[in-house]
Amino acid sequence: MLTLERLSAGYGRMQILHEIDLRVGAGEIVALVGANGAGKTTTLRSICGQIAPLSGTITFDGAVTAGRRPDELVRAGLVHVPEDRALFGTLTVEENLRMGAWTRTAEQAERSLAEVYSLFEILSERRTTVAETFSGGQQQMLAIGRALMAGPKLLMLDEPSTGLSPKLTWLMLEAVQRIRDTGVSVLLVEQNAKQALAIADRAYVLESGSIVLQGTGSELADDPRVRKAYLGL
Ligand code: ATP
């Protein structure tokens, strides 16, 4: 679904990512974990076309992404939920969700709306509530729901556990697993390695802009280096 080959990227003359290789297969949850400043967000920005790579290639659904605008990539099924969630605070839940369907036909939007409401009961119950009154966890569910309205093939989540209690994080990650079970691939960027590795099919560890470890979620969760550096064990 997504392949990064020797991807290098940065800002101006400052190189942040150094020849990263990463792959997300169809129907997989892949976690990208690493400390603050490791380059996780920069990786997502490169994939969704917000910043141009210095070198290397990104292939999504069989076609290279170079030269394609972010909105073209959304139409192709590459959808990103940014860390700040970027909700429309004064709009209702349903209005926010409908904003996510700007690439879809009316019929597709109605179908996706029904799917989002069945996935997140809280959104269905609060469809006329204004988004800014929501708690952090509810806002994260809404941001993910809005991304689903675009009909993604690959959903990229940037630190979805930010500001959430461990319990709410588990609820949100359970929803991410249900999304994967509907056939959507997920690239999950997290500082919270413990919970991300617990649900990931495969994972990568990013340190100072390089991939230093990779494996299945459980292999990495058991790896002594990961346990010491990221799980505090
Ligand atoms: P975090 O958990 O803090 O988001 P991260 O792993 O996502 O960490 P990035 O946000 O990719 O890390 O940042 C990697 C490096 O790039 C950091 O040193 C950061 O200061 C720098 N950086 C990020 N955004 C910019 C920018 N717009 N201009 C210049 N430097 C930036």
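Bear in mind that the values in this text are calculations on the coordinates, not laboratory data. Keep in mind that this is a model prediction, so the values were computed, not measured. As a convention, Cβ positions derive from the backbone with ideal geometry for all residues, glycine included, and neighbour counts pool all protein chains shown.
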Listed residues VAL212, ALA9, ALA175: farthest to the positive end of the dipole of the chain (Cβ charges): ALA9
Rg(Cα)/(2.2 N^0.38 Å) for segment 91-200, N = residue count: 1.02
Computed P(r) (all Cα pairs; segment 160-222; 10 Å bins; percent): 21, 51, 27, 1
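Given a Förster distance of 25 angstrom, what is the FRET efficiency for VAL64 paired with GLN15, based on the Cβ-Cβ distance and rounded to 0.05?
Values: r = 21 Å, r/R0 = 0.84.
It comes out at approximately 0.75.
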Sorted by Cβ neighbour density within 10 Å, fewest at the top, the residues SER161, SER55, SER8: SER55, SER8, SER161
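Explain nothing, just the number: dipole magnitude of segment 65-209 about its Cα centre with +1 on each Lys and Arg Cβ and -1 on each Asp and Glu Cβ, in debye rounded to the nearest 20. It would help to have the intermediate numbers written out before the result.
Numbers: 16 positive and 19 negative charges, 51 e Å.
With only Lys, Arg, Asp and Glu charged at Cβ, the dipole is about 240 debye.
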Cβ-based charge dipole, the chain, positive-most Cα from HIS18, GLN139, PRO82: HIS18
Net dipole in debye of segment 1-145 [+1 Lys, Arg Cβ; -1 Asp, Glu Cβ; about Cα centre; nearest 20]: 400 debye
Charge dipole of the chain about the Cα centre (unit charges at C-beta), most positive-ward option of LEU91, THR128, PRO224: PRO224
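Can you give the net charge of the other residues whose Cβ lies under 15 Å from the Cβ of PRO70, counting K and R as +1 and D and E as -1?
The answer is +1.
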Percentage, to the nearest whole number, of Cα pairs in the chain over 22 Å apart: 50 percent
Relative contact order [Cα under 8 Å, 6+ residues apart], segment 1-152, whole percent: 22 percent
Those residues of segment 16-50 whose amide nitrogen sits under 17 Å from the label point placed on SER208, 7 Å along Cα→Cβ: 16-20, 34-40
Nitroxide proxy distance, nm - points 7 Å out along Cα→Cβ at THR162 and GLU110: 3.6 nm
Theoretical FRET efficiency, 1/(1+(r/R0)^6), r = Cβ-Cβ of ARG227 and GLU83, R0 30 Å, to 0.05: 0.75
